[in-house]
1. Any residue that is surrounded by fewer than 17 Cβ atoms within 10 Å (Cβ to Cβ), aromatic (F, W, Y) and on the phi < 0 side of the Ramachandran plot - is there at least one of those in region 215-227?
2. Please find, within region 199-233, the residue that is farthest from ligand 1 (Cβ to nearest atom) out of those that are under 30 Å from D73 (Cα atoms) and of a type in the set (S, T, Y).
3. In region 104-143, which residues are part of a loop (DSSP other than H, G, I, E, B) and farther than 28 Å from R80 by Cβ?
4. Just give me the residues in region 199-234 being touching an Asp or Glu at 6+ places or on another chain (Cβ under 8 Å), part of a strand (DSSP E or B) and among the hydrophobic types (A, V, I, L, M, F, W, C), in sequence order.
5. Among residues belonging to region 164-182 that are within 12 Å of the chain's Cα centre (by Cα) and either crowded, with 23+ Cβ neighbours inside 10 Å or under 15 Å from L97 (Cβ atoms) (or both), point out the one that is nearest to ligand 1 (Cβ to nearest atom).
6. Need pairs with beta-carbon distance below 6 Å; first residue open to solvent by 20 Å² or more (accessible area, probe 1.4 Å) and of a type in the set (A, V, I, L, M) and within region 107-134, second within 16 Å of ligand 2 (Cβ to nearest atom) and assigned to a strand (DSSP E or B); sequence gap 6+ or separate chains.
7. Please go through (1) out of contact with any strand residue (DSSP E or B) (no Cβ under 6 Å at 6 or more places or on another chain); (2) within 20 Å of W198 (Cβ to Cβ); (3) more than 16 Å from ligand 2 (Cβ to nearest atom); (4) open to solvent by 20 Å² or more (accessible area, probe 1.4 Å) for R80 and return the number of the only condition it doesn't satisfy.
8. So is V204 more than 15 Å from ligand 2 (Cβ to nearest atom) and touching a His at 6+ places or on another chain (Cβ under 6 Å) or not?
Amino acid sequence: MDKDWVISRRTFLAAAGGTLVSIGLPGTFVKLADAEQYALAASTRPDGRPRLPPGQTAVEKIRNMGGTPGTADVTNWKLRVYGQVKRPIVLSYQDLLDLEQVDIVCDIHCVTGWSLLDSRWSGVRLKTIIDEARPRADGRFVIFEAAAGFTSNIPISDIHEEDVILAHSLFGEKLPRANGAPVRAIVPDRYFYKSAKWLEAVKVSARDEPGSWESLGYSNSADPWTGQRFDEKR
Ligand SMILES: Nc1nc2c(c(=O)[nH]1)N[C@H]1C(S)=C(S)[C@@H](COP(=O)(O)O)O[C@H]1N2
Ligand SMILES: [Mo]
């Protein structure tokens, strides 16, 4: 097992203080060479923030962090868009493919300390889908609802980010089941626990509804650049 990973994982668990469940499964990951890590940490994004947020290590491949999958059959899959909307809709997988498709290249950051830079996802902008349902003025949050009751929450203003999408493919191939097939959310600039896999519904809500990990104490804003992985006890 990689030495840095062992250390960062131990630090992470210590920070969790035993009151929190750790996100993800123990295991190894292949990190980039040290020289590359330092170069990445020193480089900046167009918005001026460092490419590698504090405490993150860049890895070569996406990890499978577990969770409970939903249906494996795309013909059975449905996406419900409801809540504070004027026109609730239910989309089939084909409906999703018939909407405007986008390809994005982004960095993802898991709260356990790994980042996958330059990952390429394909799908539909979340904004495209929410616009179809015509959100009401008091709809201020988006709640992702996934298989087995998993949820996560983001402010509705995030939908204006071009790279917040519902993805069906990773690096040009259909998503592996473990990584959320048929469809998952991708919210690049927040810790990866916001990016619900095996998505089943998108709810527009007037109030914030902390999701599965957020309710356990993981940061509700989930901004990787603050380095703050947990919120003070709410
Ligand atoms: N439905 C569902 N989505 C989920 C999770 C989960 O347990 N269930 N885990 C989250 C967490 S903590 C992370 S880090 C990412 C992991 O995605 P990956 O397994 O594709 O790396 O999925 C997020 N989405
Ligand atoms: Mo995570």
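The values are calculated or read from the model by the stated rules, or taken from the named source; none is laboratory data. This one's a predicted model, so the numbers in the text were calculated from it and none came from an experiment. Neighbour counts run over all protein chains shown; Cβ positions are idealised from the backbone, glycine included. SASA here: full protein model, heavy atoms, side chains in, ligands and nucleic acids out. Shrake-Rupley method; radii C 1.70, N 1.55, O 1.52, S 1.80 Å.
1. Looking through region 215-227, at least one residue is surrounded by fewer than 17 Cβ atoms within 10 Å (Cβ to Cβ), aromatic (F, W, Y) and on the phi < 0 side of the Ramachandran plot.
2. S205
3. If the condition is that a residue be part of a loop (DSSP other than H, G, I, E, B) and farther than 28 Å from R80 by Cβ, then T112, G113 are the ones that fit.
4. Selection gives L199, A201, V202.
5. Ranking the qualifying residues of region 164-182, first place goes to G180.
6. L117/A58; L117/D107
7. In the conditions (1) out of contact with any strand residue (DSSP E or B) (no Cβ under 6 Å at 6 or more places or on another chain); (2) within 20 Å of W198 (Cβ to Cβ); (3) more than 16 Å from ligand 2 (Cβ to nearest atom); (4) open to solvent by 20 Å² or more (accessible area, probe 1.4 Å), R80 misses (1) alone.
8. No.
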